[in-house]
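Participant: Once you've had a glance at the structure underneath, I'll fire off some questions.
None of the figures in this text is laboratory data; all of them are computed from the coordinates on show. This is a predicted model, so every value here is computed, not measured. Cβ: placed from backbone, ideal geometry, glycine included. Neighbour counts: every protein chain shown.
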Amino acid sequence: MDSKAQLEQAYAYASSILNGDGSGHGMDHIDRVLANARLLLSKTAGADALIVLTAATLHDTYDEKLVADKVAARGLTQAKLQELMYTQAQIDEILAIIDQMSFSYGLDHDVHLDVNGQLVQDADRLDAIGAIGIARAFAYGGAKGRPLDDGQGARSNLSSAEYHKNAGGTIQHFHEKLLGIAGTLNTPAAREIGRARTRVLRDFLDEFEAEVEGNR
């Protein structure tokens, strides 16, 4: 099986899991992450495009926010990669990238991603900031029944368990995670995009605060 067919069938598998998601993690998100990944691949030497694009395609297929049993879902993703004739080394690398790339994983672990993993992580994180990031934050907050702003302020120095527990309002999420994402990006190409998208977040928050206070 050639790499084009492998990527097409990996995409179909992701679609079978993520189609219809209303929390900001549907296939429109995967499409944007893939577009980001291709852009970063064009600006970064030494990466393996098949590994990067496959991990980008499958990275939410066993996200604990989206599946009932993460361990079982991970096993199904592994089995799909085997069915698609990826080598064991490729499978190990793809799963290692997915296992380590999330924001919450990094709260409790030292993460050591090679250039392939760095590109996938950057591609995903870029979709969490800017105008798209704003839309996704409120889509996720709405799906989880969160208030816009719980008035409690942002938490700091969080563990992964604390991050997921009593998450508060969507505005708190901007301060706890989104505003800091640009500083976590790995590659020069991603950091340049991230700085611009973070300015969009800050402008939005300034306007939101002004309107809440009745100054607009």
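Participant: Hey, if you put +1 on the Cβ of every Lys and Arg and -1 on every Asp and Glu Cβ in segment 3-212, which of 141, 58, 5 ends up farthest toward the positive end of that dipole?
Facilitator: After comparing all options, I get 5.
Participant: Can you pull out the GluC sites (Glu not before Pro) in segment 1-94 whose DSSP state is coil and whose Cβ has at most 15 other Cβ atoms within 10 Å? Don't skip to the answer; put the middle values down first.
Facilitator: Values: sites: 8, 64, 83, 93; in loops: 64.
Here the GluC sites (Glu not before Pro) that fit, given the DSSP loop and packing criteria, are 64.
Participant: Name the residue, out of 141, 22, 130, whose mean-square fluctuation peaks in a Gaussian network model built on the chain with Cα pairs under 10 Å.
Facilitator: 22
Participant: List the lysines whose alpha-carbon lies under 28 Å from that of residue 80, not counting same-chain residues fewer than 8 positions away?
Facilitator: Result set, ordered by chain and number: 4, 65, 70.
Participant: Measure out, as a whole number of angstrom, how far apart the alpha-carbon centroids of segment 108-142 and segment 53-106 sit.
Facilitator: Taking the Cα centre of each part, segment 108-142 and segment 53-106 sit 16 Å apart.
Participant: Between 215, 173, 198, whose Cα lies farthest towards the positive end of the dipole of the chain when Lys and Arg beta carbons carry +1 and Asp and Glu beta carbons carry -1, centred on the Cα centre?
Facilitator: Checking the options against the dipole of the chain, the answer is 215.
Participant: Size of the dipole of segment 3-212 about the Cα centre, Lys and Arg at +1 and Asp and Glu at -1 on the beta carbon, nothing else charged, in debye to 20?
Facilitator: Details: 20 positive and 29 negative charges, 43 e Å.
Charge dipole, segment 3-212, about its Cα centre: 200 debye, nearest 20.
Participant: Now a separate question. Which residue, chosen from 27, 118, 42, occupies the Cα position most advanced towards the positive end of the dipole of the chain, where the dipole is computed from +1 (Lys, Arg) and -1 (Asp, Glu) charges on Cβ about the Cα centre?
Facilitator: 42
Participant: Still on this structure, please answer the following. Between segment 15-36 and segment 178-216, how far is it from one alpha carbon centroid to the other, in angstrom?
Facilitator: What the calculation gives is 22 Å, centre to centre.
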